[in-house]
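The values are calculated or read from the model by the stated rules, or taken from the named source; none is laboratory data. This structure is a prediction, so every number in the text was calculated from the model and none was measured. Because the Cβ atoms are built from the backbone with ideal geometry, glycine has one as well, and the counts that use them run over all protein chains shown. Please note that ligands, DNA and RNA were not included when accessible areas were found on the heavy atoms of the full protein model with its side chains. Shrake-Rupley method; radii C 1.70, N 1.55, O 1.52, S 1.80 Å.
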Amino acid sequence: MEARLNIFGNAIAAKFVRHINSAGKALEAVELPKFTADLILVRVSQINGCGFCLDMHTKDAAAAGESAQRLHMVGAWREAKVFTDAERAALELAEAGTRIADAAGGVSDEVWENAAKHFNEDQLAALVSLIALINTYNRLNVITQQPAGDYQPGMFG
């Protein structure tokens, strides 16, 4: 598979990606559990059908110590016993925030309140930002048909 556009080779696209990456750095200071963030990156990428991001984030999560069982179960998190209540709340928020067009009214108060039971305001801000960020990356990669499968953990820093 060939990408429609070389994101890293095109000056405009590469500049845009650098800015997105810089925005993502703002989340590094927030104490959001790493595996929770990884689960969100994987689940949103599954929903959006972004093979490039799925390849990257599953490999990075596994390299950081996330279990294969939990990574395999992300798509069925509601039925899986391997996730904490906080992780479930984060996954529910990620799904609602990703499927805005599918849900009349966007993210419900119930979904938000459930997340707020488990995360403080800074963590909620980080969750919302992370969901928006991965949706941006997914759309960029899906639109340009970035090929997946060659990623090596830590490849982008």
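Please calculate how many Å² of accessible area the range 19-157 carries per residue, with a 1.4 Å probe and no DNA, RNA or ligand atoms counted.
Working: 7330 Å² over 139 residues.
Result: 53 Å² of accessible area for each residue.
Treating the beta-carbon of each Lys and Arg as +1 and of each Asp and Glu as -1, no other charges, what is the dipole magnitude of the chain about its Cα centre, to the nearest 20 debye? Could the numbers behind the result be given before it?
Working: 14 positive and 19 negative charges, 99 e Å.
It comes to approximately 480 debye.
Stokes-Einstein diffusion for the range 31-122 at 25 °C, viscosity 0.890 mPa s, with a Kirkwood radius from C-alpha pairs, works out to 181 µm²/s. Sequentially through the range 30-46, phi angles give Karplus couplings (6.51, -1.76, 1.60; θ = phi - 60°) of 7, 7, 9, x, 3, 5, 5, 4, 4, 4, 5, 4, 5, 5, 5, 5, 4 Hz, Gly and Pro residues having no value and appearing as x.
Of the residues Thr84, Asn138, Gly149, the one whose Cα sits farthest towards the positive end of the charge dipole of the range 36-151 is Gly149 (charges of +1 on Lys and Arg Cβ, -1 on Asp and Glu Cβ, taken about the Cα centre). Comparing Glu66, Glu79, Glu95 in a Gaussian network model of the chain, where Cα atoms under 10 Å apart are tied by springs, the biggest mean-square fluctuation is seen for Glu79.
With a/c under 1.5 counting as rounded, go ahead and sort the range 106-157 into rounded, prolate or oblate using the C-alpha gyration tensor (a ≥ b ≥ c being the square roots of the eigenvalues; past the cut-off, prolate if a/b is larger than b/c, else oblate). Each step should come with its number before you reach the end.
Numbers: a/c = 3.50, a/b = 1.99, b/c = 1.76.
The shape class here is prolate.
A simple spin-label model places the labels of Ala29 and Ala101 3.5 nm from each other, with each point 7 Å out along Cα-to-Cβ. Judged by the ratio a/c of the largest to the smallest principal axis of the C-alpha gyration tensor, the range 5-76 counts as oblate, that ratio being 1.5 or greater while a/b is no larger than b/c. Amide H contacts of Leu27 (H built 1.01 Å from N, in plane; Pro and chain starts excluded): no residue 5 or more places away or on another chain comes under 5 Å. Axis angle, to the nearest 10 degrees, between helix 51-63 and the longest C-alpha principal axis of the chain: 60 degrees. For the range 110-119, 3J(HN,Hα) computed residue by residue from phi via the Karplus equation (6.51, -1.76, 1.60; θ = phi - 60°) reads 4, 5, 5, 5, 5, 5, 5, 5, 10, 10 Hz, glycine and proline entered as x.
Could you work out the Kirkwood radius for the chain, taking every pair of different alpha carbons, averaging 1/r and inverting it, reported in Å?
16.2 Å
FRET efficiency for the pair Asn10 and Met73, taken as 1/(1 + (r/R0)^6) with r the Cβ-Cβ distance and R0 = 25 Å, rounds to 0.10. Here the accessible area is traced with a 1.4 Å probe on the protein chains. For the range 51-133, carbon and sulfur cover 53 percent of it.
Only the Cβ atoms of Lys and Arg (+1) and of Asp and Glu (-1) were treated as charged; on that basis the dipole of the range 34-76 about its Cα centre amounts to roughly 80 debye.
Compare the peptides 106-117, 16-27 by average per-residue count of other Cβ atoms within 10 angstrom and give them in order, highest first.
Values: 106-117: 14.6, 16-27: 12.4.
Output ranking for 106-117, 16-27: 106-117, 16-27.
As a length-normalised measure over Cα pairs under 8 Å and 6 or more apart, the relative contact order of the chain settles at 38 percent. Axis angle, to the nearest 10 degrees, between helix 121-144 and the longest C-alpha principal axis of the chain: 40 degrees.
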